[in-house]
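Novice: Okay, handing you the structure first.
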Amino acid sequence: MYQRTLSMLLLFGVLAAGCRARGPATATPSAGLPEDAAAVAAQRGLTPENIYAALKTYTPSGQYDPYLMIASGGQSGQMLVIGVPSMRILKVIGVFTPEPWQGYGFGGSGDEILAQGDLPDQEIRWGDTHHPGLSETNGEYDGQFVFINDKANARLAVVDLRDFETKQIVKNPNSMIDHGGTFVTPNTDYVVEGPQYAAPIGWEYAPQESYADVYRGLITFWKFDRVAGRVDPAQSFQIELPPYWQDLCDAGKGVSDGWIFCNSFNTELATGGPEDGNPPFEAGTAKNDTDYLHIFDWKKAEAVFQAGNYDTINGMAVIRLETAIEEGLLYFTPEPKSPHGSDVTPGGEYIVVGGKLDPHVTIYSFEKIQAAIAAGGLSADQYGVPVIPLDQSMEAQVELGLGPLHTVYDDKGYAYTSLFLDSAVARWTLGGAYADKHPEEPWTLVQKLPVQYNIGHIAAAEGDTASPDGNYVVALNKWSIDRFNNVGPLLPQNFQLIDTSQTGDQMKLLYDLPIGMAEPHYAQIISADKVKAFEVYPEVGWNPETMAVDANAVTSPEQSRVERDGNQVEIWMTVVRSHYTPEWVEIKQGDHVVWHLTNIERTRDATHGFALSGYNINLSLEPGETQTIEFDANMPGTYNFFCTEFCSALHLEMTGYLLVEPAD
Ligand code: RUQ
Ligand code: CUA
């Protein structure tokens with residue numbers, strides 16, 4: 001009897017949570033929770049809100065998520081793939097850091113990709129990934145590629161979503177740190193890498209006193225060749241900027257296609273150094289009441305680049321600041337105190353900028369910006385960049401709370417802004433072109449939902465495309481404090497899933513996902529049906545680096561062989577459940593070994609590993625995949641190679657010997 005009553009109460013709660021505005025729900029006992037479910041709920045102390053959240057997120061075994069969240073992996077240098085709404089982690093993608101499960105960076109083609117990001121005299125094997133940028137067609141995610149930056153070393157990586165593997169890393173030849181990227185232009189013509197802390201172009205030595213004259217900002221337009229699946233540095237260019245600290249950027253789309261917007265701070269040109277009696281950076285960079293939103297005409301910049309109107313610095317085309325001013329590529333407009341974020345509305349009409357020390361978001365009108373540029377007569381900043389007065393560019397300001405950072409959108413005319421200091425997600429109404437989408441006042445705060453804690457970025461389902469979906473928002477919280485079991489003083493980050501399917505003040509917190517591997521920054525959430533990944537590689541012998549059949553693939557054990565030419569030994573090996581062919585490889589100390597391995601399986605998930613003890617070699621060979629390793633057999637001895645994936649009942653038997661005979 002108690003359980004029957006409880007189940008009615010619980011169901012009532014579930015329904016009430018779903019239709020609070022529509023008056024009391026009238027549940028019948030027969031529609032209640034099953035008694036055993038009600039007992040579980042009672043035993044676990046679940047509230048009606050908890051049960052609603054569980055029903056919104058629980059994903060039965062074998063069912064797929066409708067969305068994939070591609071998240072930055074922060075200091076891990078990697079990327080994460082997470083199912084939404086289940087919040088199940090599906091994959092860590094090795095990007096800037098060797099990744100053992102994928103055999104990325106332990107002898108196979110990952111070594112070459114990682115080496116593309118090295119400096120001439122320094123190997124770099126980690127990254128601080130910040131902002132994933134999915135490739136777009138007409139301002140919509142197209143599911144083909146995702147790009148991400150490494151803030152720590154100013155690099156950019158290209159991941160192909162056919163196999164979720166990194167294909168290319170490019171090192172910015174003129175910057176050593178970046179931040180405001182990656183983001184793409186609406187058809188992925190360019191992958192843009194925005195700068196951060198100013199430095200001399202090419203990071204050459206320049207003393208602090210030369211800051212205003214020599215230090216510069218630099219935004220990079222990496223040309224993306226979609227057919228090759230690679231960035232083409234020869235077709236890429238940069239624009240020199242004043243030494244403000246350009247921060248977060250977004251590409252215009254729709255009506256603002258062809259333009260790019262970046263917030264900035266430190267227009268004070270603060271150089272810090274309290275040890276020399278200067279204000280420290282955090283004070284010096286926050287002195288001015290306003291900084292500058294940077295407004296770029298990238299289509300015109302592309303034309304200037306194509307006309308050859310640039311300097312080549314370290315092999316890269318750099319459009320000089322004076323050229324950018326003369327040609328009308330760059331404009332400024334003021335932004336309030338310590339701005340952060342720059343997020344273009346779905347139709348491209350407005351640009352929303354947060355203010356770390358301002359309770360408002362400021363909304364700029366692209367139309368007004370264009371009118372001001374056309375009217376001319378603008379005054380200039382200290383570097384000669386034309387400045388559009390705020391009252392000529394601003395559409396509205398909305399007071400949201402403390403520490404507004406980033407903004408995403410939905411299909412109901414709402415914007416969602418992360419409030420770092422308030423630890424909340426603010427839902428507010430767009431006006432103007434969006435006012436008829438919702439019944440509320442335009443440009444008004446609708447709801448502030450507390451999150452746990454210190455939210456940085458925010459992501460929404462298809463939330464920065466031309467047509468956001470509007471079902472889910474994820475808060476990417478920097479602190480988790482008391483949310484999880486104590487695992488020591490270094491705490492996981494906390495991704496919190498929020499239900500945004502209902503209008504008005506009905507956002508609900510659904511689920512927490514602890515990220516215990518680094519501090520991710522941004523994430524994007526793509527509709528899962530847009531991603532058409534391979535189930536197995538299309539043909540036996542597939543080389544994931546070239547995305548074609550490898551000339552050294554062998555398709556059957558009969559073709560396996562070992563050939564010697566002087567001290568060069570070349571091995572063609574097949575890999576299949578549950579053996580390597582050949583199983584014994586005998587070479588001599590000092591031999592140079594080139595070893596081709598082909599997984600000839602056609603069965604989904606029949607991945608084999610190849611670990612070679614002692615030689616720091618470790619591969620993952622997915623069905624159909626070919627990899628080549630190359631090493632000098634300097635250490636004599638008896639070594640096993642073995643499979644690291646539990647592929648079959650005879651997985652332990654999947655091994656072989658490498659005998660390295662000592663040189664005499
Ligand atoms: S920003 S610290 Cu993405 Cu808010 Cu980098
Ligand atoms: Cu192949 Cu284990």
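A short reminder: the numbers here are calculations on the coordinates, not readings from a lab. Not measured: the values here are computed from a predicted model. FYI the Cβ positions are ideal-geometry reconstructions off the backbone, even for glycines, and counts take in every protein chain you see.
Novice: Quick check: net charge around A206, other residues with Cβ under 14 Å of its Cβ, Lys/Arg +1 and Asp/Glu -1?
Specialist: Numbers: positive: R216; negative: E204, E209, D213.
Here the count lands on -2.
Novice: In cubic angstrom, how much convex hull volume per residue do the alpha carbon atoms of the stretch 542-661 span? Mind showing how you got there, number by number?
Specialist: Numbers: hull volume 11.5 nm³, N = 120.
Hull volume normalised by residue count: 96 Å³.
Novice: Suppose each label sits 7 Å from its Cα in the direction of the beta carbon; what would the A234-K287 distance come out to in nanometres?
Specialist: 4.8 nm
Novice: Next question. For the residue pair D381 and D605, what label-to-label distance in nm results when each label sits 7 Å from Cα along the Cα-to-beta-carbon direction?
Specialist: With each label placed 7 Å out from Cα toward Cβ, I get 5.4 nm.
Novice: Right, another one. Could you please state, rounded to a whole Å, how far the C-alpha centre of the stretch 318-373 is from the C-alpha centre of the stretch 99-128?
Specialist: Centre-to-centre (Cα) distance: 37 Å.
Novice: Positive end of the dipole of the chain, charges at C-beta (+1 Lys, Arg; -1 Asp, Glu), about the Cα centre: which of T626, G45, S480 has its Cα farthest in that direction?
Specialist: Highest projection toward the positive end goes to G45.
Novice: Mind giving me the FRET efficiency for S210 and D121? R0 is 22 Å, r the Cβ-Cβ distance, nearest 0.05 is fine.
Specialist: The pair S210/D121 has a calculated efficiency of 0.35.
Novice: Something else: Can you give the extra length, in nm with one decimal, that the chain gains between R483 and V40 once fully stretched, where that is 0.36 nm per residue apart less the Cα-Cα distance?
Specialist: Working: separation 443, 0.36 × 443 = 159.48 nm, distance 2.19 nm.
Computed gain between R483 and V40 is 157.3 nm.
Novice: For the pairs K253/K448; K151/K337; K223/K299; K171/K530, note any where the Cα-Cα span goes beyond 19 Å.
Specialist: Result: K253/K448; K151/K337; K171/K530 exceed 19 Å.
Novice: Also, I was wondering about something else. Report the relative contact order of the chain, percent, no decimals, based on alpha-carbon pairs under 8 angstrom and at least 6 residues apart. Before the final figure, lay out the partial values.
Specialist: Numbers: 1800 pairs, mean separation 63.3, N = 664.
Relative contact order, the chain: 10 percent.
Novice: Of T603, G566, V554, which is farthest along the charge dipole of the stretch 542-661 in the positive direction, counting Lys and Arg as +1 and Asp and Glu as -1 at C-beta?
Specialist: Checked the options; the winner is T603.
Novice: Right, here's the next one. Output the peptides 501-509, 91-99 sorted from most to least packed, where packing is the average of other Cβ atoms within 10 Å over each peptide's residues. Kindly include the intermediate steps, with their values, before the conclusion.
Specialist: Details: 501-509: 17.1, 91-99: 23.1.
Packing proxy ranking, top to bottom: 91-99, 501-509.
Novice: Return one quarter of the surface area of the convex hull spanned by the alpha-carbon atoms of the stretch 57-199, equal to its mean projected area, in nm².
Specialist: On the way: hull surface 38.1 nm².
Result: 9.5 nm².
Novice: Between the stretch 265-306 and the stretch 42-82, what is the separation of their alpha carbon centroids in Å?
Specialist: 39 Å
Novice: So for the pair D565, Y197, with labels modelled 7 Å out along Cα→Cβ, what separation do we get in nm?
Specialist: In this crude label model, D565 to Y197 measures out at 5.0 nm.
Novice: Multiply the residue gap between E326 and E275 by 0.36 nm, knock off their C-alpha separation, and tell me the result in nm, one decimal place. Walk me through the numbers on the way to the answer.
Specialist: On the way: separation 51, 0.36 × 51 = 18.36 nm, distance 3.98 nm.
Roughly 14.4 nm would be gained on extension.
Novice: Which Rg and Dmax, in Å, describe the Cα atoms of the chain?
Specialist: My reading of the Cα-based Rg and Dmax gives 27.6, 91 Å.
Novice: Now for a separate question. Dipole magnitude of the chain about its Cα centre, charges +1 at Lys/Arg Cβ and -1 at Asp/Glu Cβ only, in debye to the nearest 20?
Specialist: Around 2100 debye, computed over the chain.
Novice: For the stretch 554-606, would you read off the P(r) tail past 19 Å as a percentage of all alpha carbon pairs? List each step's numbers first, then the result.
Specialist: Numbers: 432 of 1378 pairs.
So the pairs more than 19 Å apart make up 31 percent of the total in the stretch 554-606.
Novice: On to the next question. Between V318 and residues 5 or more places away or on another chain, which pairs have amide H atoms under 5 Å apart, with H built 1.01 Å from N, and which residues are they?
Specialist: Under 5 Å from the amide H of V318 lie the amide H atoms of Q238, D311, T312, I313, each far enough along the sequence or on another chain.
Novice: Students often check this: by mean Cβ neighbours within 10 Å, which of 546-558, 605-617 ranks highest, and how do the rest follow?
Specialist: Details: 546-558: 15.8, 605-617: 19.4.
Most protected by this proxy first, the peptides run 605-617, 546-558.
Novice: Another question, if that's okay. Quick check for me: using +1 on Lys/Arg Cβ and -1 on Asp/Glu Cβ, what's the dipole size of the stretch 384-494 about its Cα centre, in debye to the nearest 20?
Specialist: Details: 6 positive and 13 negative charges, 90 e Å.
Computed charge dipole of the stretch 384-494: roughly 440 debye.
Novice: Right, here's the next one. Per DSSP H run of at least 4 residues, take -39500 (n - 2.57); add these up for the chain, divide by its residues and hand me the 222 nm value, nearest 500 deg cm²/dmol.
Specialist: Working: 10 runs with 81 residues, N = 664.
It comes out at -3500 deg cm²/dmol, rounded to the nearest 500.
Novice: Taking the Cβ of A372 as the center, what net charge do the other residues with Cβ under 14 Å away carry, scoring Lys and Arg +1 and Asp and Glu -1? Write down the numbers at each step before the final one.
Specialist: Working: positive: K368; negative: D297, E367, D391, E395.
Local net charge: -3.
Novice: Just add up the charged neighbours of H651: K/R +1, D/E -1, any other residue whose Cβ is under 14 Å from the Cβ of H651.
Specialist: Values: positive: R577; negative: E601, D605, E645, E653.
Taking every other residue near H651 into account, the sum is -3.
Novice: Which helices, taking whole DSSP H runs in the chain, have alpha carbons extending 20 angstrom or more along the helix axis plus mean Kyte-Doolittle at least 1.0? Walk me through the intermediate numbers first.
Specialist: Numbers: long enough: 2-18 (24 Å, 1.17).
Qualifying helices: 2-18.
Novice: Where a Cα-Cα gap under 19 Å defines reach, which aspartates and glutamates qualify for K588, not counting those fewer than 8 residues away within the same chain?
Specialist: Those aspartates and glutamates meeting the cut-off are E563, D565, E570, E630, D632, E661, D664.
Novice: Which of the GluC sites (Glu not before Pro) across the stretch 118-202 are loop residues per DSSP, with 10 or fewer other Cβ within 10 Å? Write out the running numbers ahead of the final one.
Specialist: Working: sites: E123, E136, E140, E165, E193; in loops: E123.
Answer in residue order: E123.
Novice: Here's something else I'd like to know. Multiply the residue gap between E49 and V227 by 0.36 nm, knock off their C-alpha separation, and tell me the result in nm, one decimal place.
Specialist: Working: separation 178, 0.36 × 178 = 64.08 nm, distance 4.84 nm.
Extra length from E49 to V227 when fully extended: 59.2 nm.
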